[in-house]
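Novice: Got a structure for you, questions after.
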Amino acid sequence: MKVLVINCGSSSLKYQIIDMDTQAVLCKGLVERIGIEGSVLTHKVPGKEDFVVQEEMKDHQRAVELVMAALVDPDHGVIKSLDEIDAIGHRVVHGGQKFAKSVLIDDEVKAALDKCTELAPLHNPANILGIKACEAVMPGKPNVGVFDTAFGMGMEPKAFMYALPTKYYEEYEVRRYGFHGQSHDFVSHRALDLCGGNENTKVIVCHLGNGASISASIGGKCVDSSMGLTPLEGLIMGTRSGNVDPGIMQFICHKEGLDIDGMLNVLNKKSGIFGLSGNISSDFRDVQKAADEGNEKAKIALDAYRYRVAKYIGSYAAAMNGVDVIVFTAGLGENDKLTRQAICDEYLGYLGVKVDPARNDVRGKETLISADDSKVKVYLIPTNEELKIAMDTVKIVSEL
Ligand code: ADP
């Protein structure tokens, strides 16, 4: 079965075709600047040179049309006709409380997604545009929605409720949702497979990318997840602050003459390790380089980042009354042995966590990095959100 995976942003579209019989990625690509001058499609087929299409794409439908043309292109394509695509899996950022698992998209689902838009005004409209464009270009193909928020629906009220007037929850669905759900779901289940876990196995997944989040789950069911109503809560990220005292907002708004939107822009785009390092970079490699060269702010930024991750691991071990497995994933988690080693060595000894430096000397490859006498198994597991979307799509389409 061949699944087309689509991840639409407001001006971008990422795609992959995955052959689910072998889990091989036949091709992947990225469309940038949709609706903006200079639209470009970059189509990648393993073992071949990139195929680049520069042509005006006024909307997502035009982008999908050009992607389809690339897929069947005689020189650069990977399929002979669109009939070879069995189904399309869409990443959808916010499913609100309605969608606790992936779903076959129909008119009712689209209407419900429209209603979730106010919870994710930057993301959901683009996801819906992607779905509508695929329906228009490939009528009759099953489209499946896979939600960033679905994994977090496993949380109980004690974990997902904010200590705010309950009216906000009851009338506006203000609660903690957790994001990066495809990643936490995929990686936690992979960890259970690798360690021979069961329904009682307690897993903490540290998804440390540009956006970063951490989850606690037992037997694959989410107990807690660090992101909240929006992806701003929780860990320190590339440019997002993560947790701060909400009182700071009023204080800084007054000092700097900002309104609430301006303040949120600072918290989302100018904070995190970027802000904390004195605007060096949101990329950890640049901040690490500056720290190595003696930059004090860069050192504090990295220390604060690791400290926050460790505090969450400690609190999630408490939330689950123990932890059997800790997993590192995403850009930093998969590639930066220093960060993994420092978090475990500096803060997690009391849990009996011991990372073996030789095993930890690895990048981007599924590996047990803890020592044999570690009380907690520690793994590096590369995340694969696209594969998770394709897996859910196959499951739903096979049940039709
Ligand atoms: P996202 O999907 O959220 O955009 P990624 O999961 O791709 O992010 O992670 C990007 C982050 O991973 C960047 O901030 C980058 O600094 C970090 N990263 C990638 N490779 C390395 C590395 N070798 N060492 C340290 N950090 C790395």
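Here, each number is a calculation from the coordinates, and none is a lab measurement. None of these values were measured; they are calculated from a predicted model. In this analysis, Cβ positions are derived from the backbone assuming ideal geometry, glycine residues included, and neighbour counts consider all displayed protein chains.
Novice: Let me check I've understood the local charge: for Gly331, count other residues with C-beta under 10 angstrom from its C-beta, Lys and Arg +1, Asp and Glu -1. What total comes out? Numbers along the way, then the final one.
Specialist: Values: positive: Arg285; negative: Asp283, Glu334, Asp336.
Net of charged neighbours comes to -2.
Novice: About its Cα centre, what dipole magnitude does the chain give when the only charges are +1 on Lys and Arg Cβ and -1 on Asp and Glu Cβ, stated in debye to the nearest 20? Each step should come with its number before you reach the end.
Specialist: On the way: 44 positive and 55 negative charges, 174 e Å.
Dipole magnitude for the chain comes out near 840 debye.
Novice: For the chain, what mean projected area does the convex hull of the alpha carbons give, in nm²?
Specialist: Numbers: hull surface 85.6 nm².
For the chain, averaging the hull's shadow over all directions gives 21.4 nm².
Novice: Glu108 versus Lys221, label points 7 Å from Cα toward the beta carbon: distance in nm?
Specialist: For Glu108 paired with Lys221, the spin-label model returns 2.6 nm.
Novice: For helix 247-256, report the angle its Cα long axis makes with the longest principal axis of the Cα atoms of the chain; keep it between 0 and 90° and round to the nearest 10°.
Specialist: Between the helix axis and the principal axis of the chain, the angle is about 80 degrees.
Novice: Note the full-extension length gain between Lys158 and Asn243 as 0.36 nm times their separation in residues minus their Cα-Cα distance, in nm to one decimal. Provide the component values of the computation, followed by the final result.
Specialist: Values: separation 85, 0.36 × 85 = 30.60 nm, distance 1.84 nm.
This chain segment gains 28.8 nm when fully extended.
Novice: Beta carbons within 10 angstrom, averaged per residue: use that to sort the peptides 89-99, 306-316, 19-29, highest first. Present the calculation step by step, with values, prior to reporting the outcome.
Specialist: Values: 89-99: 22.9, 306-316: 19.5, 19-29: 15.5.
Top to bottom by mean Cβ count within 10 Å: 89-99, 306-316, 19-29.
Novice: When the helices in the chain are scored as -39500 (n - 2.57) per DSSP H run of 4 or longer and the sum is shared across all residues, what 222 nm value do you end up with, to the nearest 500 deg cm²/dmol?
Specialist: After summing the helix terms and dividing by residue count, I get -11500 deg cm²/dmol.
Novice: Let me ask something else. Would you mind checking the tilt of helix 60-71 against the longest principal axis of the Cα atoms of the chain, expressed as 0 to 90 degrees and rounded to 10?
Specialist: In the chain, helix 60-71 runs at an angle near 80 degrees to the longest axis.
Novice: FRET efficiency for Ser315 and Ala136, Cβ-Cβ distance as r, R0 = 60 Å, nearest 0.05?
Specialist: Values: r = 46 Å, r/R0 = 0.77.
E(calc), rounded to 0.05, equals 0.80.
Novice: While we're on this one: Can you tell me which of 134-146, 354-366 comes out highest on packing, and rank the rest after it, using the mean Cβ neighbours within 10 Å?
Specialist: In decreasing order of mean packing, 134-146, 354-366 become 134-146, 354-366.
Novice: Taking H placed 1.01 Å from N in the peptide plane, check which residues at least 5 places from Tyr379 or on another chain put their amide H under 5 Å from its amide H.
Specialist: Amide H neighbours of Tyr379, under 5 Å, 5+ apart: Ile326, Val327, Phe328, Ile369.
Novice: Mind ranking 147-158, 73-84 by how tightly packed they are, going by the mean number of other C-beta atoms within 10 angstrom, highest first?
Specialist: Numbers: 147-158: 21.2, 73-84: 13.5.
Listed from highest to lowest mean packing, they are 147-158, 73-84.
Novice: Indicate, rounded to the nearest 5 percent, the antiparallel portion of the DSSP beta bridges found entirely in the chain. All intermediate terms of the calculation are to be shown ahead of the outcome.
Specialist: Working: 39 of 57 bridges.
Just about 70 percent of them are antiparallel.
Novice: Please compute, for the alpha-carbon atoms of the stretch 5-55, the extent along each of the three principal axes and give them in descending order in Å.
Specialist: Projected onto the principal axes, the Cα atoms of the stretch 5-55 cover 38, 23, 9 Å.
Novice: Expressed as an acute angle from 0 to 90° and rounded to the nearest 10, what is the orientation of the C-alpha long axis of helix 385-398 relative to the principal long axis of the chain?
Specialist: Roughly 50 degrees between the two axes.
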